[in-house]
Amino acid sequence: MANTKNLCAQIDIALHNRVTEEKDRLEMTTSQYITQLLMEYYEKKENGGKSTMANNGSRTMAFQISEELFQRIKTHLARETARTGVKLTQRDFVLGLIEQA
């Protein structure tokens with residue numbers, strides 16, 4: 001496990017709400033989300049303003065599922081997170097299924 005250190009800052013409440021909404025939407029912890037933001041910022045800065053997603057050929061894949069299936073997946077993610085102690089995100093879950101296929 002990487003060495004970590006706490007980073008704390010006072011920010012505007014509107015920005016805080018925006019960060020909270022986005023990290024919740026992505027199903028990430030605050031630590032994961034802020035780490036991702038900072039990594040993307042510095043990678044973009046080092047690449048002359050180009051995002052790494054554009055450089056590595058990553059694509060977005062989106063699809064709709066029934067509410068029932070969505071709830072089953074959410075239940076599974078919560079159960080796995082509780083079982084392992086590591087947050088399992090929708091993204092990691094779906095990528096794992098694709099890689100197993």
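Can you tell me which residues in the range 12-44 are among the aliphatic types (A, V, I, L, M) and surrounded by fewer than 10 Cβ atoms within 10 Å (Cβ to Cβ)? Show your work before the answer.
Of the residues in the range 12-44, the ones among the aliphatic types (A, V, I, L, M) are 13-15, 19, 26, 28, 34, 37-39.
Those that are among the aliphatic types (A, V, I, L, M) and surrounded by fewer than 10 Cβ atoms within 10 Å (Cβ to Cβ): Ile13, Ala14, Leu15.
Lys44: in contact with a Ser or Thr (Cβ under 6 Å, 6 or more places away or on another chain), in a helix (DSSP H, G or I), of a type in the set (Lys, Arg) and at pLDDT 80 or above, yes or no?
yes
The values are calculated or read from the model by the stated rules, or taken from the named source; none is laboratory data. Computed from a prediction, not measured in an experiment: that's the story for all the values here. A quick note on method: Cβ atoms are made from the backbone with ideal geometry, for glycine too, and the neighbour counts reach across all protein chains shown.
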